[in-house]
1. For Thr41, indicate whether it is among the β-branched types (Val, Ile, Thr), modelled with pLDDT of 95 or more and in a loop (DSSP other than H, G, I, E, B).
2. Which one of the conditions (1) touching a residue at least 60 places away in the same chain (Cβ under 8 Å); (2) in contact with a strand residue (DSSP E or B) (Cβ under 7 Å, 6 or more places away or on another chain); (3) part of a loop (DSSP other than H, G, I, E, B) does Phe33 fail to meet, given that it meets all the rest?
3. Check off (1) surrounded by 19 or more Cβ atoms within 10 Å (Cβ to Cβ); (2) within 30 Å of Arg161 (Cβ to Cβ); (3) not acidic (Asp, Glu) for Thr109 and give me the number that stays unchecked.
4. Go through the stretch 298-321 residue by residue and tally those that are over 16 Å from Ala274 (Cβ atoms) and within 25 Å of the chain's Cα centre (by Cα).
5. Checking Met47 against (1) of a type in the set (A, V, I, L, M); (2) closer than 17 Å to Ile142 by Cα; (3) surrounded by fewer than 24 Cβ atoms within 10 Å (Cβ to Cβ), only one condition comes out false. Which one?
6. For the stretch 297-378, please list each of the helices (runs of 4 or more DSSP H) lying entirely inside it that holds at least 3 residues being of a type in the set (S, T, N, Q), over 30 Å from Gly262 (Cα atoms) and not assigned by TED's automatic domain parsing to the domain that holds Gly250.
7. Quick check on my filter: what residues within the stretch 15-43 are hydrophobic (A, V, I, L, M, F, W, C), more than 22 Å from Gln135 (Cα to Cα) and surrounded by fewer than 21 Cβ atoms within 10 Å (Cβ to Cβ)?
8. In this structure, does Arg293 turn out to be in contact (Cβ under 8 Å) with a residue 60 or more places away in the chain, farther than 27 Å from Asp56 by Cβ and over 13 Å from the mean Cα position of the chain (by Cα)?
Amino acid sequence: MSETFKFQVLATDGAARRGEISMPRGMVRTPAFMPVGTAGTVKAMYMDQVRALGSDIILGNTYHLMLRPGPERVARLGGLHELARWPYPILTDSGGFQVMSLAALRKVTEKGVTFRSHVDGVVHEMSPERSIEIQGLLDSDIQMQLDECIALPASEEEMERAMELSLRWAERCKVAFGDQPGKAMFGIVQGGDNDRLRLRSAEALSAMDLKGYAVGGLAVGEPQEIMLEVLEATCPALPADRPRYLMGVGTPDDILKAVARGIDMFDCVMPTRAGRHGLAYTRRGKINLKNARHAEDPRPLDEESDCPAARDYSRAYLHHLVKSGEALAGMLLTWNNLAYYQSLMADIRAAIDAGRLAARAGEIRDEWARGDISPALG
């Protein structure tokens, strides 16, 4: 542990980096995948399970937590770490993406965003200062600036307007955050799929000398190749001695390709959401447990896995649980999926250390492509 917020790169392989983020509440090994704990819980998981799988940090959502139970209540109860029984680092997003995607009747002005809650219809105001205040009440370790995330495709004029507004909000968030030893505020690079705007955003945020930088506004429906082009243009413009976080991404293949372009941190609801809908991620690719072919398959998801959910339960049983709508189905498949994601991240870190990330990524993709449906069951 460290009394200050510190990031160091320990190994490189091309543009890929293996490093560590040190904070008072613990150390985060990078590249890192952060399980999403939207409302103070990683859905269908116990926190000690999440930790045992290798998670150094989780994500909390400012928008959802401000609506319920409310940031002031969380603060009175000792902060999010105490309330959720997670004494390790937490990153909170700013709430901006959820305001843009979930809230009804939202209005964006220079001051901030006014929106109507999707939960009860109550009108709220979210300014850059209020976003940072809420994240402080939650007592998160990494806090994100408020930004405006627009959907793609969009006009260049609209992308530039939102990007410039986000830069002005970043300045205000920096002032509101102030000096908090051991904690960090990250800026968010915006600019849609326009390289000129992305570079303008990256350079302006870099000049603010923040402790970390995120790439936002992706994973909003654009093709993977657009995301990768944006990363190739953006990452070299960000400070090499600060962590880089790709927000809301993604699939295992997205992660492999983004790491190769210099990204250090990821979050995504995909492994938890997929688990609740009958889909398992494994080293042999995705397995849809809803499919009838699994009804009499005695094999586990992965006999070599360290995770009991992957190793000890038959596909026939998992199929039965999914088809029956049993809560245990989502619990076991989420457990499996997060185990796979964290094992993938450990594999990536080891490959960077060995200087063979590209080769290892090829091996991983080959195994996905081979699949695991036996001839007798296919």
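1. yes
2. (3)
3. (1)
4. 3
5. Status for Met47: all satisfied but (2).
6. Working: elements: 308-311, 315-324, 327-354, 357-370.
Result: empty, no element qualifies.
7. Across the stretch 15-43, the qualifying residue is only Ala15.
8. Details: in contact (Cβ under 8 Å) with a residue 60 or more places away in the chain: yes; farther than 27 Å from Asp56 by Cβ: yes; over 13 Å from the mean Cα position of the chain (by Cα): yes.
Yes: the conditions hold for Arg293.
The values are calculated or read from the model by the stated rules, or taken from the named source; none is laboratory data. Note that the structure is predicted; figures quoted are calculated from it, not measured. So basically every Cβ, Gly included, is an ideal-geometry build from the backbone, and we count neighbours across all protein chains shown.
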